[in-house]
Amino acid sequence: MKDVIRLAHGAGGKTMNDLIREVFATPLDNRYLRQMADSAVVEPEHRNPRFAISTDSYTVRPLIFPGGDIGSLAVHGTVNDVAMSGARPLWLTASFILEEGLSIATLKHVVQSMAEAAQEAGVQIVAGDTKVVERGHGDGMYINTAGVGVVPEGVMIGPDRAQPGDVVLLSGTIGDHGIAVLSKREGLAFETDLLSDSAALNGLVESLLSAAPLVHCLRDPTRGGLAAALNELAETSRVGIEIEEGRIPVRPAVAAACEMMGFDPLTVANEGKMVVIVPPQEAQAAVEALHAHPLGQNAARIGFVTDDHPGLVLARTGIGGRRVVDMPLGELLPRIC
Amino acid sequence: MTLTERFRDPEAARVVVDRIRARSNRPVRLMEFCGGHTHAILRFGIPSLLPDTVDLRSGPGCPLCVTSAEDLDHAIALAEVPDVILTTFGDMIRVPGSRTSLADAKANGADVRVVYSPLDALQTARQNPHRPVVFLGVGFETTAPMVASAVLTADAEGLDNFFVFSTHKLTPPATVAILNAGEVALDGIIGPGHVTTVIGSDAWRFLPDEYAIPCAIAGFEPLDLLRAILALVQMAEDEDPTISNTYARSVRAEGNPAARQAIDQVFAVAAAEWRGLGTVPRSGLQVREVFRRFDARYVFSAAPPPSLRPSGCRCGEVLRGVLSPPECPLFGNACTPRNPVGPCMVSAEGACAAYHQYRGWPS
C-alpha cells in the first residue's frame, strides 16, 4: 500500500494517534505539546502582559515552492502577524486539514520545515489538531496557525497611528514570494531562479524597535502586496501616503516576470517584508537598524505620510509622472497581449 | 543599466517631454490602439507629463473587451458541457457574458482552468486523454500564431481531444471601421507594438496613404510611448503623415513571416462580431475547414440562449474612442472594478479599469 493519508488518519483511533506520534510529536516537541492535553497552559514572564493574538489559514499551491513550503509559510505568516503589533511571538497552535491521498512523505517534509521555522523564529507550537477530508475536498493540505505574543512595555504600534510628517520605510525587495510561487503553478510555469522571501520578521522587528521605539505602524504586505498594505494604513489612520516608485526595491527577475504577465509589482504578495511608518526624528535610526539585519539589507525610505488626500496613496512614477496607487482587486491573472 | 531601465530613465524621459512641449502647438487627439499601451501610459503617469494640447484616447485594443457577448455566452455554454475542460487566458474568466461569466461557471462546478499559453492547454489535453480540452482563443494577431501552432502540434501528434474556440480578431480592419464611422476625429495613431511585431509596420501604411493620419508604432516602456507621442506631434505639426517605428528593437516592416504563415495555415479570414463595433468585414480568424476536427464551434453543439443587452453600459463608445472612460456616467459610480457593468472595467487591459486603477492625482 502506498504511504498516503487515508480517512482513518482523521478518525480519532489508533491510526490517528500513530500519525500524530510519528509525524508531528517528535519534530515539534516542547514541554507544552508533550502533555498532549486538550489545551496548553502557558505562563507569560511579565506580571501584566499585553497579548497580541492572530490566526491565519494557509492554502498555497503548490505545497512546496522555491524558497519554502506551506509549513514554513504557516509559521512565518502568523509569527509576522503577531510581530506587526510590535509583540514578541511566543506560542503557536497548528491545525491541519489533510486530503485523503496526500503522501506521508510530503506531510513529514512540511512538518519538519514547520519545526525548523518555529525554532528559528524562537516560538513553540504548543497545541494542534488534524482532520482528514475525502479526496477532492482539499488541495492536498491546508494549515491554520494561531499565534500569541507579548507586547513589550512602551510599544504602541497600530494601523491607526500614522501621523502626517511620518516617514514610510520598506524592509526590502517586493514581489519575490508571489512571482516565485506563480513560476511553479501548473499551466503558468516559467523558468526563474527566484526564491520566495518567506521569513519570520520578529527578529527584525526587535532590532528595529530597540533603535526606533516610537515606530507608529508595522504591516507585512502579503496578499495584495505593497499597494494593499499602504491603502489599509492610509484608510485606517485617515491620512494620505505619497511614495516614490523609483525608490522601491524590485529584483530584476520580478520586474521581468511582471512585465511579461502585465502585473504591477506593487500588487504582488510578499511573505518576509514589512512596511514601517516612523516619526521623522527616528527615521534615520530605523533605516540603519533595518540595514544592519540580514532581512533588512535592501531596506529603503520610500515615502511619507501627509494630511492631504486622506485615505489615498499616491505615487510619483519612475519617470516623474504621478498616479494613484489603488487597492488591488482579487487574484492576479496574466494578461493576453 | 538593464535594457528595461534604459527605457525608464527619468533624465531621458524629461528630454523627450521637453521636446513634446516645445513642438506641440495645435491640439491633437491621438489614439493608442492597444489596451496594454493604455495601462502603461496611465501606470507611468504619462498624461500628467504632457501639455494640454495632447489628448490621448484609448482604442479597441483590449481583446477581452471586444469579445462579443454572444461569443462569451457560447464559451460559457462550452464550459458547462459535461467532462469538458475549458482552458483560457486568465483575464477572460472575469469578463461578464450577457448573463454570467466563466468565473461563475467555475464556481458552479465547470472545469475552467487558467493557462499562460495554448501550449499549456495542449499539455492538459495530453494529460487528460479521455476528456475534451477546449482552448478559448481570444486575442489579436499576437496570440493567433501560438494558437495556430498548438493546432498544428495537435495535428502532428494525432491528439483527438484538443479543440480551439476561435474569437481571434485582426487589428487593421477594426481601425478602418473606427475611421470610417467618423465619430471621432483622430490626428494620429499609436500602433500596437506586439501586434505589429507579427504583422509588420507596413500593415499600417494605409493610415498615412489613405487617411492622411500619421502612425507611430510603440513599445510598452515609458520612453517608447513618449517617443511615439513626440513622433506623432511632429508629423501632425509638419502635416507630413507617415509611419514612424519607435519600437525598432522588436518591429520590422515585414513583421514575423513564420508567425504570419502559421496563422495563414490554420485560420481563414472572416467577418467577426466585435463588442462596440458590431460586425466588421474580414476582421476575424476562423479555423480552416481542413482543421475542422479541432474547431470547437463545429464539433460541439452547445448553443447558448440568445444574448441579453446590458443596460446603460457605454463600453462600445469607449472602445471606439468616442468616450474617454471618465466621461461615461457609470464610471466610478455604478461601474467600478469591484462591481463592473461592462468588460472595459473588468479586464486588466480594459481602458476603464486602467483609468480607474491609475487615475491621476487629485488637483
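Checking each residue in the range B:274-296 for being more than 14 Å from B:R320 (Cβ to Cβ) and surrounded by fewer than 21 Cβ atoms within 10 Å (Cβ to Cβ) picks out B:T279, B:P281, B:R282, B:Q286, B:R288, B:E289, B:V290, B:F291, B:R292, B:R293, B:D295. The single residue among A:A299, A:A285 that is over 21 Å from the mean Cα position of the chain (by Cα), closer than 28 Å to A:E120 by Cβ and at pLDDT 95 or above turns out to be A:A285. Scanning the range B:236-268 for residues being surrounded by fewer than 16 Cβ atoms within 10 Å (Cβ to Cβ) and closer than 19 Å to B:V138 by Cβ gives a total of 1. Looking across A:S103, A:S113, one residue alone is of a type in the set (S, T, N, Q), within 16 Å of the chain's Cα centre (by Cα) and assigned by TED's automatic domain parsing to the domain that holds A:V41. It is A:S113.
So that you can scan it fast, the table gives a plain yes or no per residue for (1) basic (K, R); (2) within 29 Å of A:V82 (Cα to Cα); (3) in the same structural domain as A:M84 (by TED's automatic domain parsing); (4) out of contact with any helix residue (DSSP H, G or I) (no Cβ under 6 Å at 6 or more places or on another chain):
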| position | (1), (2), (3), (4) |
| --- | --- |
| A:E259 | no, no, no, yes |
| A:E271 | no, yes, no, no |
| A:Q281 | no, yes, no, yes |
| A:A285 | no, yes, no, no |
| A:V313 | no, yes, no, no |
| A:G318 | no, no, no, no |
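Which numbered condition in (1) modelled with pLDDT of 90 or more; (2) surrounded by 17 or more Cβ atoms within 10 Å (Cβ to Cβ) is the only one that B:V322 fails? Only one criterion in (1) modelled with pLDDT of 90 or more; (2) surrounded by 17 or more Cβ atoms within 10 Å (Cβ to Cβ) is unmet by B:V322, namely (2).
Is it true that A:P89 is assigned by TED's automatic domain parsing to the domain that holds A:N17 and at pLDDT 95 or above? For A:P89, the condition - assigned by TED's automatic domain parsing to the domain that holds A:N17 and at pLDDT 95 or above - is met. Among the residues of the range B:105-119, the ones that are without any contact (Cβ under 8 Å) to a residue 40 or more places away in the chain, more than 15 Å from B:F300 (Cβ to Cβ) and within 14 Å of chain A (Cβ to nearest Cβ) come to 10 in all. Of all residues in the range B:153-205, those being more than 14 Å from the chain's Cα centre (by Cα) and assigned to a strand (DSSP E or B) number 7. Is it the case that some residue within the range A:263-271 is within 18 Å of the chain's Cα centre (by Cα), small (G, A, S) and closer than 25 Å to B:H39 by Cβ? Yes, the range A:263-271 contains at least one residue that is within 18 Å of the chain's Cα centre (by Cα), small (G, A, S) and closer than 25 Å to B:H39 by Cβ. Against the definition (surrounded by fewer than 20 Cβ atoms within 10 Å (Cβ to Cβ) and either under 30 Å from B:P304 (Cβ atoms) or away from chain A (no Cβ under 13 Å) (or both)), how does B:P82 come out, yes or no? It is true that B:P82 is surrounded by fewer than 20 Cβ atoms within 10 Å (Cβ to Cβ) and either under 30 Å from B:P304 (Cβ atoms) or away from chain A (no Cβ under 13 Å) (or both). Against the numbered list (1) of a type in the set (G, A, S); (2) buried (at least 18 other Cβ atoms within 10 Å of the Cβ); (3) at negative phi; (4) out of contact with any Ser or Thr (no Cβ under 8 Å at 6 or more places or on another chain), A:G86 comes up short only at (3).
In this structure, B:V151 does not satisfy being in contact with an Asp or Glu (Cβ under 8 Å, 6 or more places away or on another chain), at pLDDT 95 or above and within 30 Å of B:L72 (Cβ to Cβ). Among the criteria (1) at pLDDT 95 or above; (2) buried (at least 21 other Cβ atoms within 10 Å of the Cβ); (3) not acidic (D, E), the one A:G178 does not fulfil is (1).
Looking across the range B:146-169, the residues that are surrounded by 24 or more Cβ atoms within 10 Å (Cβ to Cβ) and within 13 Å of chain A (Cβ to nearest Cβ) come down to B:V147, B:T167, B:H168, B:K169. Reported count of residues in the range A:213-271, each being among the hydrophobic types (A, V, I, L, M, F, W, C) and either in a loop (DSSP other than H, G, I, E, B) or more than 14 Å from chain B (Cβ to nearest Cβ) (or both), is 14. Against the criterion of being within 14 Å of chain A (Cβ to nearest Cβ), buried (at least 20 other Cβ atoms within 10 Å of the Cβ), at pLDDT below 95 and not in a loop (DSSP other than H, G, I, E, B), B:L72 does not qualify. One residue alone among A:V148, A:V168 is away from every other protein chain (no Cβ under 14 Å), buried (at least 18 other Cβ atoms within 10 Å of the Cβ), more than 16 Å from the chain's Cα centre (by Cα) and modelled with pLDDT of 95 or more, and that residue is A:V168. The number of residues in the range B:214-241 being β-branched (V, I, T) and either closer than 29 Å to B:A262 by Cα or touching a strand residue (DSSP E or B) at 6+ places or on another chain (Cβ under 6 Å) (or both) comes to 1. Of all residues in the range A:37-61, those satisfying the criterion of being closer than 21 Å to A:I143 by Cβ and loosely packed, with under 11 Cβ neighbours inside 10 Å are A:D38, A:S39. Among the residues in the range A:193-212, are any within 14 Å of another protein chain (Cβ to nearest Cβ), modelled with pLDDT under 95 and over 15 Å from the mean Cα position of the chain (by Cα)? No; the residues of the range A:193-212 include none that is within 14 Å of another protein chain (Cβ to nearest Cβ), modelled with pLDDT under 95 and over 15 Å from the mean Cα position of the chain (by Cα). If only residues of the range B:9-50 that are away from chain A (no Cβ under 14 Å) and not in a helix (DSSP H, G or I) are counted, the one that is farthest from the chain's Cα centre (by Cα) is B:N25. Out of the range B:125-139, which residues are modelled with pLDDT of 95 or more and of a type in the set (A, V, I, L, M, F, W, C)? The answer is B:A125, B:V133, B:V134, B:F135, B:L136.
Scanning the range A:216-259 for residues that are touching a Phe, Trp or Tyr at 6+ places or on another chain (Cβ under 9 Å) and free of Cβ contacts under 8 Å to residues at least 60 places away in the same chain turns up just one, A:E259. Only residues that are β-branched (V, I, T) and in a loop (DSSP other than H, G, I, E, B): list them for the range B:240-269, please. B:T242, B:T246, B:V251, listed by residue number. Out of the residues in the range A:1-26 meeting the condition of being surrounded by 17 or more Cβ atoms within 10 Å (Cβ to Cβ) and assigned to a loop (DSSP other than H, G, I, E, B), tell me which one is modelled with the lowest pLDDT. Residue satisfying both the conditions and the ranking: A:R6. Which count do you get for residues in the range B:120-139 that are surrounded by fewer than 21 Cβ atoms within 10 Å (Cβ to Cβ) and more than 10 Å from chain A (Cβ to nearest Cβ)? Qualifying residue count for the region: 6.
The values are calculated or read from the model by the stated rules, or taken from the named source; none is laboratory data. This structure is a prediction, so every number in the text was calculated from the model and none was measured. When we count neighbours, we look across all protein chains shown, and the Cβ atoms used for this are built from the backbone with ideal geometry, even at glycine.
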